[in-house]
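Accompanying notes for the structure given below.
The values are calculated or read from the model by the stated rules, or taken from the named source; none is laboratory data. Just so we're clear, the structure is a prediction, and the values are computed from it rather than from any experiment. Reconstructed Cβ throughout: ideal geometry from the backbone, glycine too, with neighbour counts over all protein chains shown. When the accessible area is computed, the model is the full protein with side chains, heavy atoms only, and any ligands, DNA or RNA have been set aside. Shrake-Rupley method; radii C 1.70, N 1.55, O 1.52, S 1.80 Å.
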Amino acid sequence: MKERLLLKNETIPIIPSHVRFEYNEVRKEWVLLAPERALYPDPIAIEVLKKCDGKISIQLIGEDLAKKYKAPVEKIIKDIITMLQDLADKGFLKKC
Amino acid sequence: MLKELKAPLAILAELSHRCPLSCAYCSNPIELVEKNKELDTNDWLRVIDEAADLGVHQIHFSGGEPTVRKDLEQMVEHAHKRKLYTNLITSAVLLTRERLEKLKKLGLEHVQVSFQDSERENANHIGNFKGGHEKKLEVAKWVRELGMPLTINAVMHRQNLQNLGNMIKMSVDLDADRLEVANVQYYGWALKNRAAFMPTKDQLESSMEIVEKARKDLKGILVIDYVLPDYYAKRPKSCMGGWGRQFLNISPEGKVLPCHAAETIKSFKFDNVKDKSLSWIWENSEPFNKFRGTDWMPSPCKTCDRREIDWGGCRCQALALTGDVGAVDPTCEFSPLHEKIFGSATEESSHEAPEFIYRLPSNQEVEPVKK
């Protein structure tokens, strides 16, 4: 049996192959597509999801965004984990 | 292009009404579309183009049984090329591993397999198809071996709700990503068998407990979708996410419907993809506009704070249970008929379940198969 993925700072998140994160040219919006589900991420979530490419850890994603928005890194990472954990539980995200 | 109206998110492409199973709860219309009236390959490919041009995200290939169409491969390939997310909703009994593999290569992204029960004998009795359950298990395994995400669709009712826990376990064992627990909807053929399927209130209460516990225990392992059966609900379901709001359904002969049961509304004339473009139909078709939004709503829906959550519930159900397609969905506790509906469900489920009336491709009723 598979196990629940629990995200930590060092986790390297990736969008699995059966989930599509893309910009729909006709609708002019970003969408996360999974079986029978479509989610419309907000601008912050879009930025985070763009970085879920299987190359960098949540820690690094958080540091990047903390620099960009001049916000405390711990708080940013906490928010990212909360958001991504919810996506992982729905099957929208896995670890690399 | 559409201006104020948003394009549909998904289309349900009912490729054919033909199906090797004859589930007594089949929600397809009593009058099935015959093979020679089905849309041809070019029609479907054009519809796929029109859907992509509209900005549709997902296409669900369904039926009947969509794999009876030999041109399914062409449709999947084309939909994938046009960047639609492709989903196959299948009974699985006709699939070979080679065909599944080919469909995957052509761009199939998700497979949903229906199961009639977790118990072989009862499953095959409900679907009236010998060997069906065994084949489904096999196909579900292939789906995962080929690395595709798997949804198990379990239609639950009085005669299998006792196995809900096993159904959840089966889904985990099959390494499914998602389990859709669908309570029987009494449209089309299913209405003939309502008394055989209507669950008891006790069954429902225990099934909700089972689902809630499993959701907690299986968080991050299995997503479970579960909707309370209408007849026991206090508020109506937001049918199709609102009439003409997010989905459209294309029947095997090309009629464009707001939901797959909409043809039960005989007063409507539905436009056909052979005559009009999908975009024109979505925007202008009379049946779509009739119950779109909130302006059409009767009181008390019109002022209800859930009017943009429930969107007035289900029109087909309102018609079937009240005779008035524009009436308050009687599954809502604010409908004057709510008590009566609840009473009829309790009453029906208190008697011994009658034998099934199976549907056959010929539309003729047949003697039930004894267990």
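Among the residues of the range B:200-237, those with an accessible-area drop of 40 Å² or more from chain alone to full protein complex, heavy atoms and 1.4 Å probe, are B:LYS219, B:GLY220, B:ILE221, B:VAL223.
Contact with the other protein chains removes 40 Å² or more of accessible area, compared with the isolated chain and a 1.4 Å probe, from these residues of the range A:21-52: A:VAL26, A:ARG27, A:LEU33, A:PRO35, A:GLU36, A:ARG37.
Every Cα-Cα pair in the range B:229-337 was counted, and those over 23 Å apart are 25% of them. If both residues of a DSSP beta bridge must be in chain B, then about 15% of such bridges are antiparallel.
Under conditions of 4 °C and 1.567 mPa s, the protein assembly as shown yields 55 µm² s⁻¹ as its translational diffusion coefficient, taking Rh as the Kirkwood radius over Cα pairs in the Stokes-Einstein equation. In plain terms, the C-alpha convex hull of the range B:31-178 casts an average shadow of 9.6 nm² when viewed from every direction. Within the same chain, aspartates and glutamates fewer than 8 places from B:LYS83 are excluded, and of the rest, those with a Cα less than 16 Å from its Cα are A:GLU22, A:GLU25, A:GLU29, A:GLU36, B:ASP49, B:GLU50, B:ASP53, B:GLU73, B:GLU109. For chain B, the calculated P(r) over all alpha carbon pairs, in 10 Å bins from 0 to the bin holding the longest distance, is 5, 23, 33, 29, 10, 0 percent. Taking B:THR303, B:THR151, B:THR294 in turn, the Gaussian network model of chain B (Cα-Cα springs below 10 Å) assigns the largest fluctuation to B:THR303.
Name the most mobile residue of B:HIS338, B:HIS351, B:HIS260, meaning the one with the largest mean-square fluctuation, in a Gaussian network model of chain B with Cα contacts below 10 Å. In the Gaussian network model the winner is B:HIS351.
With a threshold of 29 Å on the Cα-Cα distance, the over-threshold entries among B:LYS136/B:LYS192; B:LYS6/B:LYS219; B:LYS135/B:LYS237; B:LYS135/B:LYS266; A:LYS90/B:LYS266; B:LYS136/B:LYS266 are B:LYS6/B:LYS219; B:LYS135/B:LYS237; B:LYS135/B:LYS266; A:LYS90/B:LYS266; B:LYS136/B:LYS266. Summed over the residues of the protein assembly as shown and divided among them, the accessible surface reaches 46 Å² per residue at a probe radius of 1.4 Å. The calculated FRET efficiency for the pair A:THR82 and B:GLU34, based on their C-beta separation and a Förster distance of 56 Å, comes to about 0.55. Surface composition of the range B:7-120: carbon and sulfur make up 48 percent of the accessible area, probe 1.4 Å.
Taking only the C-alpha atoms of the range B:149-197, Rg followed by Dmax gives 12.3, 35 Å. Pairs of C-alpha atoms in the range B:192-250 farther apart than 17 Å represent 59 percent of all such pairs. Using only the C-alpha atoms, the convex hull of the range B:1-57 corresponds to 131 Å³ per residue.
Summing both sides, the accessible surface hidden between A and B at a 1.4 Å probe radius is close to 2300 Å².
Run a plain Debye calculation on chain A (Cα atoms as equal point scatterers, no solvent) and give log10 I(q)/I(0) at q = 0.13, 0.21 Å⁻¹, rounded to two decimals, same order as the q list. Each listed q corresponds, in turn, to -0.43, -1.06. Assuming R0 = 41 Å, can you tell me the calculated FRET efficiency for the pair B:ASP43 and B:LEU191, based on Cβ-Cβ distance, to the nearest 0.05? Computed FRET efficiency for B:ASP43 and B:LEU191: 0.85.
Bridging of B:LYS102 to lysines at a Cα separation below 17 Å is possible for B:LYS70, B:LYS81, B:LYS141, once same-chain residues fewer than 8 apart are set aside. Determine, from the Cβ-Cβ distance of B:GLU209 and B:GLU333 and an R0 of 25 Å, the FRET efficiency 1/(1 + (r/R0)^6), rounded to the nearest 0.05. Plugging the Cβ-Cβ distance into 1/(1 + (r/R0)^6) gives 0.65.
Mind jotting down a quarter of the surface of the convex hull over the alpha carbons of the range B:179-219, in square nanometres, one decimal? Reported value for the Cα convex hull: 3.4 nm².
Highest GNM mean-square fluctuation among B:CYS314, B:CYS26, B:CYS304, for chain B modelled with Cα contacts below 10 Å: B:CYS304.
Using a simple spin-label model with pseudo-atoms 7 Å out from Cα toward Cβ, B:LYS81 and B:LYS105 lie 1.7 nm apart. Within the range B:138-152, find all residues whose amide N lies under 20 Å from a label point positioned 7 Å from the Cα of B:LYS169 along Cα-to-beta-carbon. From the range B:138-152, the list is B:138, B:140-141, B:152. Can you send over the carbon and sulfur percentage of the accessible area for the range A:45-96, probe radius 1.4 Å, protein chains only? About 58 percent, which is the carbon plus sulfur part of the accessible surface. Counting only lysines at least 8 places from A:LYS75 when in the same chain, those with an alpha carbon closer than 17 Å to its own are A:LYS8, A:LYS67. Spin-label pair A:ALA38-B:LEU5: with each label point 7 Å from Cα along the Cα-Cβ axis, the two points sit 1.5 nm from one another.
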